[in-house]
Amino acid sequence: MKKIMIIGAIGAGKSTLIKRLFGENEPAAKTQSLIYRDWLIDTPGEYSENPMFYRSLMATSHEAAALVLLHDATRERNYFPPDFSGGFPIPALGVITKLDHPQADTDRAVRLLRQSLRKGDIYFTSSESLQGIDELRSKLQSYVL
Ligand SMILES: Nc1nc2c(ncn2[C@@H]2O[C@H](COP(=O)(O)OP(=O)(O)OP(=O)(O)O)[C@@H](O)[C@H]2O)c(=O)[nH]1
Ligand SMILES: [Mg+2]
């Protein structure tokens, strides 16, 4: 079965989002390595922040049907290189998360994420309020079924 690979900065909320996509409510632990979970591949934030790991992300993407670039709406900078998604051989979509957070800035988040995701829809979620989780799950499952 093809999978969806999720990438994003350290602490962006990848693992928490994955838990919510599986209907689990507990907090996530720090991700130390690539984690294959059913139809999702979780990646450590270090893989997106450190160019030394880009080759590993590219290699892993061959097992994936689609790529998710996750951006944290509270962040003031973009952790991906310009047009990062364009370098992968699979379709990419964006997710902006932590929308519940008082410091979340959606317009800034879209602007920052678009530097690295030229094409592809952007979805908006919160792993606190569960806003957008069902819609995102449906979209992602359409790639793997
Ligand atoms: N307010 C709020 N906090 C969130 C949300 N999603 C994640 N967090 C918090 O953000 C922190 C990091 O979450 P993780 O899911 O571990 O982040 P990650 O991207 O997997 O991080 P790495 O494994 O280090 O790459 C945790 O304290 C989460 O509780 C959200 O939607 N809203
Ligand atoms: Mg994690």
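Results, tabulated for the structure shown:
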| item | result |
| --- | --- |
| Those residues of the stretch 11-23 which are without any contact (Cβ under 8 Å) to a residue 40 or more places away in the chain and either within 11 Å of ligand 2 (Cβ to nearest atom) or crowded, with 19+ Cβ neighbours inside 10 Å (or both), in sequence order | Ser15, Ile18 |
| Strands (runs of 3 or more DSSP E) fully within the stretch 21-122 counting 2 or more residues that are within 9 Å of ligand 1 (Cβ to nearest atom) | 64-72 |
| Residue pairs meeting the criteria (Cβ under 9 Å; at least 6 apart or on separate chains; first basic (Lys, Arg), in the stretch 24-46; second part of a loop (DSSP other than H, G, I, E, B)) | Lys30/Ile10; Lys30/Gly11; Lys30/Pro44; Arg37/Phe22 |
| Residue that is farthest from Ile7 (Cα to Cα), among those in the stretch 90-145 that are of a type in the set (Gly, Ala, Ser) and touching a helix residue (DSSP H, G or I) at 6+ places or on another chain (Cβ under 6 Å) | Ser127 |
| From the options Leu112, Leu69, residue that is within 15 Å of the chain's Cα centre (by Cα), surrounded by 14 or more Cβ atoms within 10 Å (Cβ to Cβ) and in contact (Cβ under 8 Å) with a residue 60 or more places away in the chain | Leu69 |
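Taken together, the values in this text are just the output of simple stated rules run on the coordinates, not laboratory data. Not measured: the values here are computed from a predicted model. Note that we place each Cβ from the backbone using ideal geometry, even for glycine, and neighbour counts take in every protein chain shown.
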